[in-house]
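A short write-up of the structure that comes next.
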Amino acid sequence: MTKHSTLSRAEGWRRRAPLLPALLFTILVTQVPFLLTVYYSTHSWNLVRPGSWEFVGLQNYLYVFRDSQFREVAMNTVILIVGTVLISALLGLGLALLLNRSFRGRGVVRTLLITPFLITPVAGALLWKTAMFDPVFGIVNFVLQPFGVGNFAWVSQFPLATVMVDLIWRWTPFMMLLILAGLQSMPEDVLEAGRVDGAGPIALFRELTLPHLRRFIELGVVLGAIYLVNTFGAIYMMTSGGPGVESANLPFYIYQRAFLGFEVGQAAAMGVVTVAATIVIAMLALRLIFKSFMGAQEAA
Amino acid sequence: MATIAYQTASCLYEGAANPAVDRLTLEVDDGEFIVLVGPSGSGKSTALRMLAGLEDIDEGNITINGKDMVGVPSKDRDIAMVFQNYALYPSMTVAENMGFALKMRGVPAGERRRQVEQAAELLDLSDFLDRKPAKLSGGQRQRVAMGRAIVREPQVFCMDEPLSNLDAKLRVQTRTQIAALQRRLGTTTVYVTHDQVEAMTMGDRVAVLKDGKLQQFAAPTELYDAPVNAFVAGFIGSPAMNLVPALVTSEGVQLGESTLPLERDRLAALHRQELSSVTVGLRPEQLEVVPAGQGIDVRIDLVEELGSESYVHAHLVDDRGGASTRLVARSHRRAPGRLGETIGLRHGAGSVHVFHPDTGARIDGEEMSARVGTGV
């Protein structure tokens, strides 16, 4: 190693030094708990049974994979994420297309459409549970009354679907904003060239607009999915995961196991499995967006 | 193959005080290459976009082959357009770009490929058919845009400053290629440019626009030799024609100390209009550099050496009032004078152009006006 590079290494550390507190803090609040979780996951430990602390190796993991409820909850998580992301992306695309044309009061309409994204998740979930879906005084049943719908209990009949409705309501504006940004960066002359080349509105959308929007939609889907993995508030407020675990997702089920069942060891093992699966899926998804945006940069 | 006619066609942008294109009337013959030229904001691009169906025709109409185009969408007009920034479809390959119009028309894939390959060969693009536009150079993109237009064999080509994004050398080269291609295909072409050299070299006829109004529509040489007004005179030709105010005397017009004689019937026309001063137009090549005292005395401000010739920029020496009168003269000799030196300029070959001092309209004698016609 030459003298020059040692010097620049020292210089490098001096430049990085102001960032170190933040790095230490991040390690302290994310990596240390994770390592602790891994450690707990190899023990059988129930808080309400004093003296239950015992090293069990990978037994908790075996239990997790044999647990049919865990499998059901994992499936719920997938349905919740995929369903919410796809439906909100479609709705967002539709709204973005409508907002991309000029009309009177467009600014007001745009602001109103964005508000669901700005409302606290817990407050939004409470609104859907009570003001909208309540069997007796909910707006949904009030509106559907003329069609012969009585005091239908939406939340208890379709727990997962009603949670999804709340999440779609919140995530549609996010998708809409991303896609709208994509639409507004669409070069006007390319569309004009398409019109002169004989393309009607549908062909223009399919052949030119949609390929241009692809990377914006991909970005929305991946970011949306990453946020939706952690959904907790909506489930806690609307259904508490019930009935049974019908509307619970992984974070909620782990919470139940750890803080209602006090099965720290099992909950820790579930947490580790969830984190590992999330990392794998997120990496694949992020690679997809980076590829798509890098490719697009060349085109720009 | 098509004829085009603009009939008092106007385009009004919302909120604008004056129409972008104001009662434009133009008749384009079948197979003709016409150029719309003018400074920015003259409405030339708008006029073209009205033909392409990208702007509304608010008044009057435009016909292609006698068929009224008001309200007809772009896709049903059978025209091809080359855009200034090419507007290639970024997600498609060169071949897909060129074949897009055929695909929209429902031409089967095999036939499409054959026609695209044919056009690609013509434009030297055969090696790039599978590339995306992002991987092409500016000149190649320009050729793809041309290819996209010619593949479909449209009735009309519309070209909106297609050369303005190329470097100077490539521009000259592509200019001749486009003109040759158009002669070969014989497709009626409307070409928009702000570059008067392109207009002069490419067009069968050139329409000069200003503030949305047609100034003159004529063959390039006629625009050069007999501009209908001071604007056309100043716009066509490089360096621009010298347009200087001058007093009318009994023999001609006075420029500096010397008098440029005018024909009798032109003088008569000036007297009929009771003008005491006019705008005189002299092309740089109509002024010869002579020793001081033998012509109009001027002082040299700048000499531009082009190698084959040089341009002398100078101002009148005896200029008494206000803005000094500037003149540009072409000299075949190198270094006809030095900066600050006083030389003489003499009116050489060719007739002096005379324009009305206020309206800028050309003033001709009776004999001349009969020969040139009225233009607009």
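Read-outs: derived from the displayed coordinates by stated rules, not from any lab. Since the model is a prediction, treat every value here as computed from it, not as a measurement. Cβ atoms come from the backbone with ideal geometry, glycine included; neighbour counts cover every protein chain shown.
Below is a table of values for the structure above.
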| item | result |
| --- | --- |
| Space enclosed by the convex hull of the alpha-carbon atoms of the stretch B:129-210, per residue, Å³ | 105 Å³ |
| Per-residue average of Cβ from other chains inside 10 Å of B:99-109 | 3 |
| Inter-label distance, nm, simple model (7 Å from Cα along the C-beta direction), A:Val38/B:Asp56 | 6.8 nm |
| Helical contribution to [θ] at 222 nm, DSSP H n ≥ 4, -39,500 (n - 2.57), averaged over chain A, rounded to 500 | -21500 deg cm²/dmol |
| Anchor B:Lys103: lysines whose Cα lies under 16 Å away (excluding residues fewer than 8 positions away in-chain) | B:Lys75 |
| Protection-proxy order for peptides B:116-125, A:107-116, each taking the mean of Cβ atoms within 10 Å per residue, highest first | B:116-125, A:107-116 |
| Low-density loop cleavage sites - chymotrypsin sites (Phe, Trp or Tyr not before Pro) in the stretch B:2-67, where at most 14 other Cβ are within 10 Å (DSSP) | B:Tyr13 |
| Spin-label proximity, B:Arg346 to the stretch B:287-305 - amide N less than 13 Å from point 7 Å beyond Cα toward beta carbon | B:287-297 |
| Burial order of peptide ranges B:35-47, A:120-132 (average beta-carbon count within 10 Å, highest first) | B:35-47, A:120-132 |
| For B:Cys158, B:Cys11, order by how many other beta-carbon atoms lie within 10 Å, fewest first | B:Cys11, B:Cys158 |
| Sorted by Cβ density within 10 Å, fewest first, the residues B:Glu341, B:Glu161 | B:Glu341, B:Glu161 |
| B:Leu247-A:Ala22 pseudo-label distance in nm [points 7 Å out on the Cα-to-Cβ vector] | 7.9 nm |
| Helix axis angle, B:94-104 relative to chain B longest principal axis, alpha carbon, degrees | 70 degrees |
| Reciprocal of mean inverse Cα separation for chain A (Kirkwood radius, Å) | 23.0 Å |
| Choice from A:Ser247, A:Ser102, A:Ser44 showing the highest fluctuation, given a GNM over chain A with Cα pairs closer than 10 Å | A:Ser102 |
| Length released on extending from A:Gln145 to A:Arg9, taking residue separation times 0.36 nm less the Cα-Cα span | 41.7 nm |
| Degrees between helix B:168-185 axis and first principal axis of chain B (Cα, 0 to 90, nearest 10) | 60 degrees |
| Rh (Kirkwood; distinct C-alpha pairs) - the stretch B:162-254, Å | 15.1 Å |
| Interatomic Cα distance distribution for chain B, bins of 10 angstrom, percent | 5, 21, 25, 22, 15, 9, 3, 0 |
| Kirkwood estimate for the stretch B:1-106, i.e. one over the average of 1/r between Cα atoms, Å | 15.2 Å |
| Only Lys, Arg (+1) and Asp, Glu (-1) charged, at Cβ; the protein assembly as shown dipole about Cα centre in debye | 2880 debye |
| Scattering profile of the stretch B:239-368 at q = 0.10 Å⁻¹ [log10 I(q)/I(0), Debye over alpha-carbon scatterers] | -0.32 |
| Nearest 10 degrees, 0 to 90: helix B:109-122 Cα axis against chain B principal axis | 30 degrees |
| Span-like helix ranges in chain A, DSSP H, alpha carbon extent 15 angstrom or more, Kyte mean at least 0.5 | A:68-99, A:106-118, A:159-184, A:210-228, A:264-299 |
| Signed unit charges on C-beta, dipole axis of the stretch A:49-299, positive-most listed residue A:Val140, A:Ala267, A:Tyr253 | A:Val140 |
